[in-house]
Ligand code: PLP
C-alpha cells in the first residue's frame, strides 16, 4: 500500500522514473510526450543539462540562506534579469515557491500599499468568472471557478466577479472583437463605480486565461481599456501570469503583447521549469517605494522565499531562453501546432473552438458544433480524452466540469519550448 496522499485518491497512476527531452518515462519503460508540460511547467523539457548543472553547482556552494538574515547571489541575479526583461516599471521582485504564493503576496501587497497610503477602505477585489489564481484560501477567493471554490466557500473572503474574456461563447452576434473588449472593460468600470472607487483595491486577471477554460485570449484593446479604467479609479491592476507568462505565449511576459504594464504581475511555473519550485511577484517602483518609505516592512513571508537553489534554476532557465532563442521557437512551433490542429480538428463535429497564443493552445469540445451545446456534465469528455491520450503516450491537460453555471470540456496543449517540428 502506498502511503502517499494523492490528489486523485481512486486513481492508480503510472510511476514516472525518468525524463528525456520532451518525454517522461514510466516504470514500465513507456514514453509519454509531455504535450502540456504537466500544467504549463516544464518548458525546457525534462533533462536540461544547463539547469541541472546550475542547481548542482549552487547546492555545492550554498543551498539556502534564510532571507531574514541574508540575500544571495542567485536571488540578486535573477531579480536583475527579470526586471531588465519586464514591462516598464516592474523593477522589484519578490520570490516565493509557486503560483498560489505569488498571488497571495500580490493581494497582500496591494492591501498593505493602500493601508500605508492612508486609504484603508480600499479592500474589494474584483476578479473574473472562469478564472483561476491558485488553491490557497486567499488565491482561491480571488478566482472565479465555482467548482474549486464550493467546498471552501464559508472560509473565503468576498470578492466581486465580472465577465471573463470568452469570445467563443460570449461575444454577441454582430459585435466586433474590439466592441466586445470595450463592453467587458465598461462592465469593470461600472462595477468599480457600484462598489465606490475609494473602496476598491484591485482587479486581478490572467492575461491569457489558462487552467479553467483553456487559453482564453483577450479581445484586442481589452487590456488597454482595463488599464485606463484602473488608472482612472486608482485601482491596482494585478496580472496573473503564473501559467501564461515566462515565454509561453511567445513573449516573456504575456502582457507585452497587450501593450500595457500592470501594477503587479505574478509568475511561477516556467520560471523554475519544474527543476525547482519557484515563483515571483513583481511590482512597480511606486508600490515598493510606498512600503520602503512607510513601515519599511512587507508583512508577509514564507521560509523558502528567495531560495538560493531555486533562484539559480531560474537564472539558468532565463539563460537557456536567451542562448537558444527559445521564445522565438515558441512562436514558430506555436503557429505550426495551431495550423495542424486547425487542419486536423477544425471541422470535427465535436470540436467547438481552437484558440490560444504561442505554445498555449486550448481546444473546447461540444456535443453539437452548430448550437455550441456542451456534453452532458456526467460524461467528462476532457477526462476521457486525458486517459485515452495517456494510453497513447501523450500528456494533455484536461478541464471539465461546471464553470460559471456552464458545462465545459476543454484540453490545454502547452508543450515544451524545445519541441521540434517532428514532435
Ligand atoms: N495562477 C494561475 C493563473 C494558475 O494557472 C495557477 C496554477 O495553475 C496558479 C495561479 C497557482 O499556481 P501553483 O499551482 O503553483 O500554486
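What follows is calculated from the coordinates using simple rules that are stated; it is not laboratory data. These figures come from a predicted structure and were not determined experimentally. Note: ideal-geometry Cβ built from the backbone for every residue, glycine included; neighbour counts use all protein chains shown.
Evaluated at q = 0.22 Å⁻¹, a Debye calculation over the C-alpha positions of region 145-239 (equal weights, vacuum) places log10 I(q)/I(0) at -1.22. So if I take the centroid of the Cα atoms in region 320-389 and the same for region 216-274, what is the distance between those two points in Å? What the calculation gives is 22 Å, centre to centre.
Kirkwood-based Rg over Rh for region 75-128 (C-alpha set), two decimals? Computed over Cα atoms, the ratio is 1.04. Footprinting exposure proxy ranking of 298, 417, fewest other C-beta atoms within 10 angstrom first, gives 298, 417. Remark: region 231-385 is approximated by an ellipsoid whose semi-axes, taken from the C-alpha gyration tensor as √(5λ), come to 36, 21, 17 Å, largest first.
Available extension along the chain between residue 178 and residue 11 is 55.7 nm, counting 0.36 nm per residue and deducting the alpha carbon span. If one computes the Cα centroid of region 171-208 and of region 1-69, what distance in Å separates the two points? So the two Cα centres are separated by 39 Å.
Modelled this way, with points 7 Å down the Cα-to-C-beta line, the labels at residue 350 and residue 376 are 1.3 nm from one another. Between residue 384 and residue 26, the contour length at 0.36 nm per residue exceeds the Cα-Cα span by 126.8 nm. With a simple spin-label model that places each label point 7 Å from the Cα along the Cα-to-Cβ direction, the separation between residue 392 and residue 157 comes to 4.5 nm. By other beta-carbon atoms within 10 Å, ranking 307, 350 with the fewest at the front produces 350, 307. Volume of the convex hull of the chain (Cα atoms only), normalised per residue: 152 Å³. Between residue 69 and residue 91, take the C-beta separation as r, use R0 = 22 Å, and let me know the FRET efficiency to the nearest 0.05. Plugging the Cβ-Cβ distance into 1/(1 + (r/R0)^6) gives 0.40.
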